Amino acid sequence: MRQPESVSADAPCKINRELRVGRLRPDGYHELRSRMVTIDVADTLRAEECDVLELSCDDPSLPSGPENLVLRAAARLADAAGARLGAKIHLEKRVPAGGGLGGGSSDAACTLRLLAALWKLSVSDDDLARLAAGLGSDVPFFLRGGEAEVSGRGDRVAALPDGPRAALLLLVPPFPVSTAAVYREFAGRGTLPERLALDDPDRAKYLGPNDLAPAVLAMEPRMGTYVHSAAAAASDWVISGSGATIVLSGAPDGTLEALRLRHPDARVIPCRSLSRAEYLERTRPTGGTP
Ligand code: C5P
């Protein structure tokens, strides 16, 4: 009997090196400008032929029903192809959920690529970009990864040349932060920058300001102790996106162990930035008959 075909790929996540946030738009999203870069912390997705669409996940705390972005991406792609297509998808989760690292968005972009390969669809880049933008603000960025300046509500992506290869530490507090709630808190504070511009890319620090940081700290007071530890360990640190993850650059030797001792409830993850070529290589669907 013929074995079902299967394909797999990694879905690396991102950090926001810098995030500037502006006005609330009529569509309910905020205008933003951010410098994002992919990093080598990744989920893995595997998909095999099946009559129906179904998802399993090694992390039981994540929803595996139709609200999961992976299944929404799969359903949208099948709709766009105009066919009743199925797949059994398995998600191996390593990226902390609700951490401001875009893990769910990367999984969604990965699903589009993976199922286009499994179903042997020829989808144009424009169609992929449209599907991605309909799934979430960060999803279009994950079609190509690497380093990029994103704007609009996050859906306009301008690729940048690869930045320096950066060794980073992620300090991930043991609670998720809701992106929607952080943006609501930001809107209520009424502090808007005059101009949505990124810092000079040649500045000495790898990480820049995050306009959402005061809203994250106000909404989640438990963040304070983790931010305090990050600031004590390195002068170059930032909260990624809407939190809760804190990114440290240039931290001295021993910082990883010290943070793990001080915050046994947190995850401390050493990682590095991924160039566009590395990202595209890791996310290319591979496989065939198991
Ligand atoms: O697009 P995504 O589903 O990731 O966004 C989650 C929520 O975050 C949105 O529903 C919106 O409330 C908020 N958001 C925003 N402005 C953005 C991106 C997200 O207000 N640019």
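Restricting attention to segment 257-287, and to residues there that are more than 22 Å from residue 159 (Cα to Cα) and of a type in the set (Val, Ile, Thr), which single residue is surrounded by the most Cβ atoms within 10 Å (Cβ to Cβ)?
First, the residues of segment 257-287 that are more than 22 Å from residue 159 (Cα to Cα): 257-270, 286-287.
So of that shortlist, the ones also of a type in the set (Val, Ile, Thr) come out as 268-269, 286.
Working: 268: 21, 269: 19, 286: 10.
Restricting to residues being more than 22 Å from residue 159 (Cα to Cα) and of a type in the set (Val, Ile, Thr), the top hit is 268.
Considering segment 1-31 alone, what residues qualify as being farther than 26 Å from residue 121 by Cα and either crowded, with 24+ Cβ neighbours inside 10 Å or more than 16 Å from the ligand (Cβ to nearest atom) (or both)? If you could, list the steps in order and put the result at the bottom.
So in segment 1-31, the residues farther than 26 Å from residue 121 by Cα come out as 14-31.
If the condition is that a residue be farther than 26 Å from residue 121 by Cα and either crowded, with 24+ Cβ neighbours inside 10 Å or more than 16 Å from the ligand (Cβ to nearest atom) (or both), then 14, 15, 16, 17, 19 are the ones that fit.
Please pick out the residue among 64, 34 that is more than 25 Å from residue 157 (Cβ to Cβ), touching a Leu at 6+ places or on another chain (Cβ under 6 Å) and either within 16 Å of the ligand (Cβ to nearest atom) or open to solvent by 40 Å² or more (accessible area, probe 1.4 Å) (or both). Before the answer, list the steps.
Numbers: 34 fails: more than 25 Å from residue 157 (Cβ to Cβ).
Going through 64, 34 in turn, just one is more than 25 Å from residue 157 (Cβ to Cβ), touching a Leu at 6+ places or on another chain (Cβ under 6 Å) and either within 16 Å of the ligand (Cβ to nearest atom) or open to solvent by 40 Å² or more (accessible area, probe 1.4 Å) (or both): 64.
Just the residues that are open to solvent by less than 20 Å² (accessible area, probe 1.4 Å) and either in contact with a Pro (Cβ under 9 Å, 6 or more places away or on another chain) or of a type in the set (Ser, Thr, Tyr) (or both), please, taken from segment 221-248.
Passing the criteria: 223, 226, 229, 234, 238, 240, 242, 243, 244, 245, 246.
For segment 155-174, enumerate the residues that are part of a loop (DSSP other than H, G, I, E, B) and either within 21 Å of residue 276 (Cβ to Cβ) or at pLDDT below 95 (or both).
Pass one, segment 155-174, residues part of a loop (DSSP other than H, G, I, E, B): 155, 160-166, 173-174.
If the condition is that a residue be part of a loop (DSSP other than H, G, I, E, B) and either within 21 Å of residue 276 (Cβ to Cβ) or at pLDDT below 95 (or both), then 155, 160, 161, 162, 163, 164, 165, 166 are the ones that fit.
Taking the condition within 30 Å of residue 263 (Cβ to Cβ) and either β-branched (Val, Ile, Thr) or part of a loop (DSSP other than H, G, I, E, B) (or both), does residue 95 pass? Talk me through it step by step, then tell me what you get.
Details: within 30 Å of residue 263 (Cβ to Cβ): yes; either β-branched (Val, Ile, Thr) or part of a loop (DSSP other than H, G, I, E, B) (or both): yes.
Considered against the rule, which asks whether it is within 30 Å of residue 263 (Cβ to Cβ) and either β-branched (Val, Ile, Thr) or part of a loop (DSSP other than H, G, I, E, B) (or both), residue 95 comes out as yes.
For segment 121-176, give me each residue that is hydrophobic (A, V, I, L, M, F, W, C), open to solvent by less than 30 Å² (accessible area, probe 1.4 Å) and within 16 Å of the ligand (Cβ to nearest atom).
Of everything in segment 121-176, those that are hydrophobic (A, V, I, L, M, F, W, C), open to solvent by less than 30 Å² (accessible area, probe 1.4 Å) and within 16 Å of the ligand (Cβ to nearest atom) turn out to be 131, 132, 133, 135, 139, 141, 142, 148, 150.
Just one of (1) in a loop (DSSP other than H, G, I, E, B); (2) away from the ligand (no atom under 16 Å from the Cβ); (3) open to solvent by less than 60 Å² (accessible area, probe 1.4 Å); (4) farther than 20 Å from residue 15 by Cβ trips up residue 251, so point out which.
So residue 251 meets the others, but not (4).
The values are calculated or read from the model by the stated rules, or taken from the named source; none is laboratory data. The model shown is predicted, which means the values in this text are computed figures rather than measured ones. Counting neighbours? That spans all protein chains shown, and the Cβs are built from the backbone with ideal geometry, glycine included. The area values use the complete protein model at the heavy-atom level, side chains included, leaving out ligands, DNA and RNA. Shrake-Rupley method; radii C 1.70, N 1.55, O 1.52, S 1.80 Å.
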